[in-house]
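To start, the structure itself, in structure tokens.
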Amino acid sequence: MAVLKPSTPIVPEPLPFIDLQAQRKRIGNHIDKAVARVMEHGQFVLGPEVKQLEDALAQFCGARHAITCANGTDALILVLMAEGIGPGDAVFVPSFTFVATGECVALRRATPVFVDVDPRSFNMEPASLDRAITVASKAGLTPRMVIAVDLFGRPADYSALRTVTDKHGLTLVADAAQSFGARLGETRVGVLADYTTASFFPAKPLGCYGDGGAILINDDTKAELLLSLRLHGQGNDRYDNVRIGLNSRLDTLQAAILLEKLRIFDSEIEARNEAARRYNALLSDIAVTPEMDQGITSVWAQYTILLSDSGTRKAVQSSCAASGVPTAIYYPIPLHRQTGYREFSMDPEGLPHSDWLAERVLSLPMHPYLTAAAQEQISRAVSDGILAGAT
């Protein structure tokens, strides 16, 4: 008599968190040709594609100038250098973000001052900013700059932030590492602040095949200064460096890749928004889903839901992992609680929203090639995890 062996559980094929290969299937031939052109002409540093990309980026978002650089962190550092930020200066940054925003300030030996975020938009809260500016002034610091981060692809409330920065005479910077391509009304990210910085890290909505960054600006004089700063502080002669600068150039190969990706970027933004709408329809009854106010267009760098507590989040992550669904937590430890940043100042009323969000956020797969079937698989895994967390 045959002995029946227990069947092996079927493990679902893992889904990609960001499907760069699907994009490659769409435009891989164009990218290969673009790379081949660079290999032919051999101008691997500041070749013609770099200027072509800068012109295309500026035109895309309506800015007078786009200055490319090596990465998004360097973009922020170059802005700080252009404004002469240094010791004794206070620069106001959200605590609920990636470390680079605060790191670049500390590298300039200025003082990052942490600001809370709105729990609905995840972006800098103007009232918290106003309080933080007051406490920094009382501590003897000189308030100089605000760096607002457009978290998860949604632009911050630049009108409200501008009211605060104008009141105190501060420079307003948009850290658009996650939001390049987004809009407030008809206005693209890139012209909503005095400076806008972008990152082209591969996982970003517009990403290259390595590191890359850019600064968008309308001021002609500052644009010339930034061009000098990214190239060792060079003056009219390459061996006459008129200021202290950086070596922060975007590789020509990466510029060529980005030019091809930029051609399809608008269609990818629309596809991301369609995926977000499907997610909201599937998940809004079981979790807090992100919603855009009238006139706001996100590029959905991340699709992030809110769960009731960290225990439920852990249960959802386990359920998703068992179903082949990757998840991520952006960001589990706010900057003001990280070891290297605990000494810096913050809003005197604390940062309760940043702490609250860090316990509850969970990001799900998001990219322009996400299918409805995959999203149904994801939503079932999330639902099963919520039920498991409740028992």
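Sorting Asp219, Asp74 by the number of Cβ atoms found within 10 Å of their own Cβ, with the fewest placed first, yields Asp219, Asp74. Partners of Lys222 within straight-line reach, counting lysines whose Cα lies under 21 Å from its Cα and excluding those fewer than 8 residues away in the same chain: Lys51.
According to the Cα-based calculation, Rg over Rh for the range 266-390 is 1.01, with Rh computed by the Kirkwood formula.
Taking every DSSP beta bridge that has both ends in the chain, the antiparallel portion is near 55%. Loop sites here are chymotrypsin sites (Phe, Trp or Tyr not before Pro) outside DSSP states H, G, I, E and B with no more than 12 other Cβ atoms within 10 Å. The longest part of the chain free of them is 45-238.
The shape of the range 98-206 comes out prolate: with a ≥ b ≥ c from the C-alpha gyration tensor, a/c is at least 1.5 and a/b beats b/c.
How would the range 1-155 be classified by its alpha-carbon gyration tensor: rounded, prolate or oblate, with rounded meaning a/c under 1.5 and the a/b versus b/c comparison settling the rest?
Taking the square roots of the gyration eigenvalues as a ≥ b ≥ c, the range 1-155 is oblate.
Loop-located trypsin sites (Lys or Arg not before Pro) in the range 114-206 (DSSP state other than H, G, I, E, B) with a sparse environment of at most 14 neighbouring Cβ atoms within 10 Å: Arg120. Restricting to Cα pairs below 8 Å that are 6+ residues apart, what does the relative contact order work out to for the chain? Please round to a whole percent. Relative contact order for the chain comes out at 23 percent. Here the sum of -39500 (n - 2.57) over DSSP H runs of 4 or more residues, divided by the residues of the chain, equals -13000 deg cm²/dmol at 222 nm, to the nearest 500. Overall form of the range 171-262: oblate. Here a/c, set by the Cα gyration tensor axes a ≥ b ≥ c, is 1.5 or more, and a/b is not larger than b/c. Comparing Cα centroids, the range 112-169 and the range 89-108 end up 12 angstrom apart.
Each value in this text was obtained by applying a stated rule to the coordinates, not by laboratory testing. Here the structure is a predicted model, which is why all the values come from computation and not from measurement. Neighbour counts are summed over all protein chains in view; Cβ atoms, including those assigned to glycine, are modelled from backbone coordinates with ideal geometry.
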